[in-house]
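The values are calculated or read from the model by the stated rules, or taken from the named source; none is laboratory data. Bear in mind that the values here come from a model prediction, so they are computed numbers and not experimental data. Here the Cβ positions follow ideal geometry from the backbone for every residue, glycine too, while neighbour counts run over all protein chains shown.
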Amino acid sequence: MWNEWRRPGPTAAQRRRDIGIAAIVLLCAVEVTTLVNSMGAYVFKNPPGLLEQVLWMLVLSVPLVVRRRYPLAVMLVVSALFIAAQVNRAGDTLVPSAILFLAIYTVGAWEQNRRVARWSRIGVIAAMFLWLGFSLVRALLGPKGDFKDAAGPMDPVLASVLYGLEFNIFFFLLAYVVGEMAWSGARRRAELEFQAEELRRSQEQNTRGAIAAERMRIARDLHDVVAHHVSVMGIQAGAARRVLDSDPALARDALQTVEQTARTAISELRGLLGVLRADADTDLKAAPGLDDLPELFESARAAGLEVSHGVYGDAREVPSGVALSAYRVVQEALTNVVKHADAQHVDVRMRFLDSALELEIADDGRGRSNSTSSGFGLVGMRERLAVHGGSLEVGPRREAGFLVRASLPTVVEEKA
């Protein structure tokens with residue numbers, strides 16, 4: 001892609017800068033021409049008058065105003081004017097050479113078509129060397145110059161020719177290379193800007209994904225906390241209402257359970273809100289785990305269920321994320337039993353396998369199937385287990401009730 005990159009056109013500020021550069025070059029040309037004429041140090045014999053020399057500097061400088069907008073046209077015009085000025089012996093060659101250098105450089109730095117940029121510069125440089133060769137031959141065929149102060153080991157004429165050739169080779173090679181470097185630098189800056197923009201978009205996408213995942217996690221936690229505790233509170237409040245007149249003591253115990261359940265729910269909600277605030281000074285309660293399951297069982301018993309709990313295999317520490325997900329699965333399963341099943345007994349079994357933790361929650365209810373619930377409980381279970389690479393099986397039991405079986409890997413498999 002970047003081999004086909006095209007440099008954008010000059011900005012308004014760069015165009016204004018080109019006008020300023022052209023004005024500075026013209027002022028320098030006029031000054032140098034004035035100084036050369038004042039000293040009488042002419043490059044060519046019998047030059048035209050000062051006014052005509054200044055006009056030549058003017059026409060050479062004016063094309064630089066649009067050098068970045070039309071680099072190829074400016075180089076061709078400047079090259080033709082440069083040769084024409086020398087044919088007419090129009091004063092000094094210092095500033096015209098600088099103008100020619102700038103024009104060749106600009107084609108290398110700004111011409112969109114790189115093939116045209118390459119061959120047009122090569123063509124102009126070849127034409128300039130042809131003109132140089134013609135000038136040297138004409139000088140050699142003319143009257144021999146005065147080299148009375150020559151003191152070197154080489155023939156003065158040969159030394160003059162070699163000097164001219166080497167100087168021009170260096171001059172044009174530098175103009176060509178510097179233009180290529182400017183183009184490559186601009187392309188590299190564009191590439192870095194593109195990569196920076198891609199990185200920024202990727203970071204934004206990752207951030208949005210992380211935010212969505214965190215929102216989903218918080219939504220699951222809120223659902224688990226609120227659904228479980230509110231279900232227990234609703235059942236206990238209903239029981240208290242029914243026996244309020246006939247058995248005040250039992251109603252009092254039910255209301256006490258409602259109060260304790262409400263406090264537990266508030267405590268867990270405060271923990272979640274503390275995470276959202278991300279306040280370093282907030283004393284957050286640790287996330288619940290396997291050791292907190294007895295509290296869930298007591299809460300379910302308070303709602304009128306008989307809960308049996310069995311642990312099979314060698315109990316061991318599991319990762320905190322796995323422990324939290326296991327706790328939430330049991331919590332949601334018990335909540336569904338309380339809300340959707342006319343059950344008397346719930347059996348909770350936890351098996352510690354070699355590389356997994358397996359949970360089974362089975363009830364003997366005959367009410368609505370948990371799988372038909374319109375809530376987000378089962379969806380939340382699957383999402384929690386999917387995070388750890390676990391699996392979930394839910395469905396009615398053959399004889400009666402409903403079964404929830406969850407498997408959570410406790411060992412991370414290393415990928416080859």
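Looking across the stretch 7-37, the residues that are among the basic types (Lys, Arg) and surrounded by fewer than 14 Cβ atoms within 10 Å (Cβ to Cβ) come down to Arg16, Arg17.
In the set Ala356, Ala326, Ala302, only one residue is out of contact with any Ser or Thr (no Cβ under 6 Å at 6 or more places or on another chain), surrounded by 16 or more Cβ atoms within 10 Å (Cβ to Cβ), in the same structural domain as Arg398 (by TED's automatic domain parsing) and in contact (Cβ under 8 Å) with a residue 40 or more places away in the chain; that residue is Ala326.
Taken over the stretch 384-414, the criterion of being more than 19 Å from Val318 (Cα to Cα) and in contact (Cβ under 8 Å) with a residue 40 or more places away in the chain is satisfied by Gly401, Phe402, Leu403, Val404. The listed residues are Val107, Val77, Val43, and the only one of them that is surrounded by fewer than 19 Cβ atoms within 10 Å (Cβ to Cβ), aliphatic (A, V, I, L, M) and at pLDDT 90 or above turns out to be Val77. Just to be sure, is Thr33 out of contact with any Pro (no Cβ under 8 Å at 6 or more places or on another chain) and assigned to a helix (DSSP H, G or I)? Yes. When Glu295, Glu317, Glu332 are checked against the criterion of being in a loop (DSSP other than H, G, I, E, B) and modelled with pLDDT of 80 or more, a single residue qualifies: Glu317.
Is it true that Leu136 is surrounded by 13 or more Cβ atoms within 10 Å (Cβ to Cβ), in contact with a helix residue (DSSP H, G or I) (Cβ under 7 Å, 6 or more places away or on another chain), touching a residue at least 60 places away in the same chain (Cβ under 8 Å) and closer than 21 Å to Ala84 by Cα? When the stated conditions are applied, Leu136 does not pass them.
Taken together, Gln86, Gln53 contain a single residue that is surrounded by fewer than 19 Cβ atoms within 10 Å (Cβ to Cβ) and assigned to a helix (DSSP H, G or I), which is Gln86.
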